Amino acid sequence: MTTETMQLASDALAGRTVVVTGASSGIGRAVAERLGGLGAHVWLAGRDRAPMDASAEAIVAAGGQADVRSVDLRQVAAVQGLVEEAHGTTGRFDIMVNNAGLGYGSSILEGHPEQWREMFEVNVIALLVGCQAAVRAMRMAGLPGHIVNISSTAALLRDSGVYGATKHAVNCISASLREELEDDPIRVVNIMPGVIATNFARNLDPEMVAGVVRAAGLDVAIAPGDKLPDEVNASLHERMRTMVGHPDDVARAVVFAVTQPPELNIEQVVVRPAKRLPL
């Protein structure tokens, strides 16, 4: 972002109340730090407290405000309570970023129903609850607002499995909610990232993960369920810039969308590397 663009974004975001789910790593963490660094009051919600505390410190050092909450997003009351707390504490509610998500790469025939349930509860139900709670808070505040739903380019494919089905649902929810809010000064933005260097890959097919790591020229063993070390994610992006995006690429797209005036609809943004991975 240029200095002029950053100043305009800072003017638009200073003092705004923001909730970001899935803020303990990857895209959510980058979005929280980017918005907070531009002066917003960000509420970071996720499962892993330590990295969110580090992000909160960075946000405060950059001139923003931050609160951290460890939240199980599969609990409806927890999501609702998070939004209500942010609104009640600050007296306003401006931006809801429904970023939390997870995926398992098993085929339908070999998949586990509990993993399917977890994906739908986090990727779809929690997002729905977040949308609903955010709209209520925004209407109570009487101010324009933005709801950002993080989907995936998997939603553009017909055969992207159960995970892709949850992201097809996100796209449908975003479009439907946008129609419902046409008479409100609340805009719904659907962002679809492609391959981004995040910990999302930890639950995918081990052979696929290993293929990505090998393609990057790295010699690192990643066991199923393990988080990819930060240095591995950074190296993947550095070595494969045209094939693996950085979480901040998505964060910058979020900033663009939420700094537009309410008379504009930025319906959806696809953020993907220039080339496909050679797997």
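The values are calculated or read from the model by the stated rules, or taken from the named source; none is laboratory data. All values reported here derive from a predicted model rather than from experimental measurement. Counting neighbours? That spans all protein chains shown, and the Cβs are built from the backbone with ideal geometry, glycine included. Remember, those area values only see protein heavy atoms, side chains included, never the ligands or the DNA or RNA. Shrake-Rupley method; radii C 1.70, N 1.55, O 1.52, S 1.80 Å.
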Mind checking which residues of segment 173-185 are farther than 16 Å from E121 by Cα and in a helix (DSSP H, G or I)? S174, A175, S176, L177, R178, E179, E180
Filtered residues of segment 152-172 (kept if open to solvent by less than 30 Å² (accessible area, probe 1.4 Å), among the polar types (S, T, N, Q) and in a helix (DSSP H, G or I)): T166
Given S107, S55, which one is among the hydroxyl-bearing types (S, T, Y), free of Cβ contacts under 8 Å to residues at least 60 places away in the same chain and buried (at least 17 other Cβ atoms within 10 Å of the Cβ)? S55
Anything in segment 38-76 that is within 17 Å of L102 (Cβ to Cβ) and part of a loop (DSSP other than H, G, I, E, B)? List them, or say none. R47, D48, V71, D72, L73, R74, Q75
Answer from R74, R16 - the residue that is open to solvent by 20 Å² or more (accessible area, probe 1.4 Å) and touching a strand residue (DSSP E or B) at 6+ places or on another chain (Cβ under 7 Å): R16
Suppose the filter is free of Cβ contacts under 8 Å to residues at least 12 places away in the same chain, open to solvent by 20 Å² or more (accessible area, probe 1.4 Å) and over 27 Å from A165 (Cα atoms); does G81 pass it? yes
Restricting to segment 21-47, and then to whatever is of a type in the set (G, A, S), under 22 Å from D11 (Cα atoms) and open to solvent by 10 Å² or more (accessible area, probe 1.4 Å), can you tell me which residue is nearest to the chain's Cα centre (by Cα)? A30
Cβ contacts < 9 Å: first residue closer than 18 Å to I27 by Cα and modelled with pLDDT of 95 or more, restricted to segment 142-153; second residue open to solvent by 10 Å² or more (accessible area, probe 1.4 Å) and among the aromatic types (F, W, Y), any location; separation 6+ or different chain. Result? S152/Y163
With respect to L128, is the statement that it is open to solvent by 50 Å² or more (accessible area, probe 1.4 Å) and within 16 Å of the chain's Cα centre (by Cα) true? yes
Let me spell it out: the conditions are (1) under 30 Å from P262 (Cβ atoms); (2) open to solvent by 60 Å² or more (accessible area, probe 1.4 Å); (3) touching a helix residue (DSSP H, G or I) at 6+ places or on another chain (Cβ under 8 Å), and W116 meets all of them except one. Which number is the exception? (1)
Residue within segment 99-116 that is in a helix (DSSP H, G or I), of a type in the set (G, A, S), on the phi < 0 side of the Ramachandran plot and modelled with pLDDT of 95 or more present: no
